[in-house]
Amino acid sequence: MGRIFGTDGVRGLANRDLTAELAVDLAVAAAHILGEVGAFADQRPTAVVARDPRASGEFLEAAVVAGLASAGVDVHRLGVVPTPGAAFLTSYLQADMGVMISASHNPMPDNGIKFLARGGLKLDDDLELQIEQRLEEPWDRPTGSGVGRIGDSRAGVAAYVKHLVGSAPGPLDGLTIVLDCANGAAYEVGPQVFEQLGATVISIHAEPDGLNINLDCGSTHLDDLQKAVIRHGADAGFAFDGDADRCLAVDHAGAVVDGDQILAILGIAARDAGRLRDDTVVATVMSNLGFVQALQAAGITVIQTAVGDRYVLEAMRSGGFSLGGEQSGHVIMADYATTGDGVLTAVHLASRIRETGTSLEELASVMTRLPQVLINVPDVDKARADSDPVLQGEVAIAAARLGSSGRVLLRQSGTEPLVRVMVEAATHDEASEVAERLAGVVRSTLAL
């Protein structure tokens, strides 16, 4: 059936692309593969299964649980929990595997299935490929006492809340915080954590009905959060996405604080506390040049990876680094989590405001975002983007023109015949001019 795993599990239109039948088959294949590679250590395996609130998650959860139990895996249903909560509880409950059912920031009709290995880590590409290859294969089904048992484990969510509260450097009393929960998986956990830390909490979009997840709210739609922060005179606002693995912020004046600024604030805070390993932060090639310049000025090394939190995490694990993230708001704090955690990120941002007595606006001013222009050029031979001599010559000319005050980045789409042209410069007009010229060269030199 071809590759079905993307950069973050299997996603698609629920009940059309991602069916109950496929969910059962994926669960069975994952159980078999993880068992064969020794992940279950020759013992009766256990799994945790969590989901976000979207309506299709109800039948997909039932299908995944049925598939796992039919393969002899005992299942702990966590219910509605953020993706980082599922990862934490996979480790905390010493489960042999975890499953998160969510399409993150995607609209409600979509859904996805993500598998986690022991310890709450994402499966590597090779294991995902092996799972795909085992779909729909015949297998010997256990019977009698060999089938898995199913139980609910909502008590584990309290342990996740306690973990987040315990990660904070100190209380948040005196702060007024607005949380936009995206009608998603953090609608209970987010407010609970901030309330236990002593903050005054105003929650918006925290009433999921299965249909309203990410609907004009959350980290992809910040208007309501900006208005609420100003209306309530709050110190800051934080917006999560549907599965709460990312966070964006709004300062007291309603200005957006993006993932680059968040990462810069937390990187400097960790360095000041002596917790930033090797004084290094991992980011992606899409991070604003202003972010790189600000951290270098602060004596912090920036390592840049391909776009995607999985690549950030791989670089962090291989180098033993403690902090990394993306402009989109995925922030990985390895001392506390194995994946991006929006609530954790918000807690530590709020803690930095509290401990420094400095506004989020002032903290974010540590970096200046350079104007960034992105142009998508469709219907081109993307494979030649890195080798065409004419195009590469024009890129070199543009890079020389911009010098240290800007940069050029060409990226090939992973799924379409499309090349993305990104230019940063000292002014928006200059960035637009260079980007438009390079986009024209892409169209003419790489035309199909």
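Remarks
- Just one of (1) in contact with a strand residue (DSSP E or B) (Cβ under 8 Å, 6 or more places away or on another chain); (2) open to solvent by less than 20 Å² (accessible area, probe 1.4 Å); (3) part of a loop (DSSP other than H, G, I, E, B) fails for Arg44. It is (2).
- Residue within region 413-429 that is polar (S, T, N, Q), more than 30 Å from Phe238 (Cα to Cα) and part of a helix (DSSP H, G or I) present: no
- Scan region 116-171 for residues that are more than 30 Å from Leu349 (Cα to Cα) and either part of a helix (DSSP H, G or I) or charged (D, E, K, R) (or both) and the total you get is 20.
- Scanning region 40-58 for residues that are more than 25 Å from the chain's Cα centre (by Cα) and either at positive phi or not β-branched (Val, Ile, Thr) (or both) yields Phe40, Ala41, Asp42, Gln43, Arg44, Pro45.
- Residue check for Ala27: aliphatic (A, V, I, L, M), under 25 Å from the mean Cα position of the chain (by Cα) and part of a helix (DSSP H, G or I): yes
- Condition broken by Thr358, with the remaining ones in (1) open to solvent by 10 Å² or more (accessible area, probe 1.4 Å); (2) assigned to a helix (DSSP H, G or I); (3) out of contact with any strand residue (DSSP E or B) (no Cβ under 8 Å at 6 or more places or on another chain); (4) among the hydroxyl-bearing types (Ser, Thr, Tyr) satisfied: (2)
- Residues of region 427-448 satisfying the condition of being open to solvent by less than 40 Å² (accessible area, probe 1.4 Å) and touching a residue at least 24 places away in the same chain (Cβ under 8 Å): Ala431, Ser432, Val434, Ala435, Leu438, Ala439, Val441, Val442, Thr445, Leu446
- Strands (runs of 3 or more DSSP E) fully within region 213-307 counting 1 or more residues that are in contact (Cβ under 8 Å) with a residue 40 or more places away in the chain and either touching a Phe, Trp or Tyr at 6+ places or on another chain (Cβ under 9 Å) or surrounded by 19 or more Cβ atoms within 10 Å (Cβ to Cβ) (or both): 236-240, 247-251, 280-284
- Selection from region 308-324 of residues that are at positive phi and open to solvent by less than 20 Å² (accessible area, probe 1.4 Å): Gly308
- Residues of region 1-24 that are open to solvent by 30 Å² or more (accessible area, probe 1.4 Å), in a loop (DSSP other than H, G, I, E, B) and either of a type in the set (Gly, Ala, Ser) or within 13 Å of Leu135 (Cα to Cα) (or both): Met1, Gly2, Arg3, Ile4.
- Scanning region 34-59 for residues that are out of contact with any Asp or Glu (no Cβ under 9 Å at 6 or more places or on another chain) and touching a residue at least 12 places away in the same chain (Cβ under 8 Å) turns up Val37, Val48, Gly57, Glu58, Phe59.
- Inside region 320-345, residues that are among the hydrophobic types (A, V, I, L, M, F, W, C) and assigned to a loop (DSSP other than H, G, I, E, B) make up a count of 3.
- Whichever residue in region 131-170 is β-branched (Val, Ile, Thr) and modelled with pLDDT of 95 or more and, among such residues, is most open to solvent (accessible area, probe 1.4 Å): Thr143
- Filtered residues of region 198-212 (kept if assigned to a loop (DSSP other than H, G, I, E, B) and either aromatic (Phe, Trp, Tyr) or open to solvent by 60 Å² or more (accessible area, probe 1.4 Å) (or both)): Glu207, Asp209, Leu211
- Members of region 407-426 that are over 27 Å from the mean Cα position of the chain (by Cα) and open to solvent by less than 50 Å² (accessible area, probe 1.4 Å): Ala425
- Any hit, region 364-374, residues being open to solvent by less than 30 Å² (accessible area, probe 1.4 Å), assigned to a strand (DSSP E or B) and within 25 Å of Ala306 (Cβ to Cβ): yes
- Breaking point among (1) modelled with pLDDT under 95; (2) farther than 25 Å from Ala337 by Cβ, for Val37: (2)
- Residues (crowded, with 21+ Cβ neighbours inside 10 Å and more than 19 Å from Ala103 (Cβ to Cβ)) located in region 118-130: Gly120
- Subset tally (residues that are assigned to a strand (DSSP E or B), among the basic types (Lys, Arg) and either under 25 Å from Val331 (Cβ atoms) or open to solvent by less than 30 Å² (accessible area, probe 1.4 Å) (or both)) for region 50-104: 1
- Residues in region 393-402 that are surrounded by fewer than 16 Cβ atoms within 10 Å (Cβ to Cβ) and within 32 Å of the chain's Cα centre (by Cα): 1 in all.
- For the criterion of being touching a helix residue (DSSP H, G or I) at 6+ places or on another chain (Cβ under 9 Å), closer than 30 Å to Arg317 by Cβ and surrounded by fewer than 16 Cβ atoms within 10 Å (Cβ to Cβ), Leu349 fails.
The values are calculated or read from the model by the stated rules, or taken from the named source; none is laboratory data. The structure displayed is predicted, hence computed values, not measured ones. Neighbour counts are summed over all protein chains in view; Cβ atoms, including those assigned to glycine, are modelled from backbone coordinates with ideal geometry. Just so you know, the surface numbers come from the protein's heavy atoms only, side chains and all, with ligands and any DNA or RNA stripped out. Shrake-Rupley method; radii C 1.70, N 1.55, O 1.52, S 1.80 Å.
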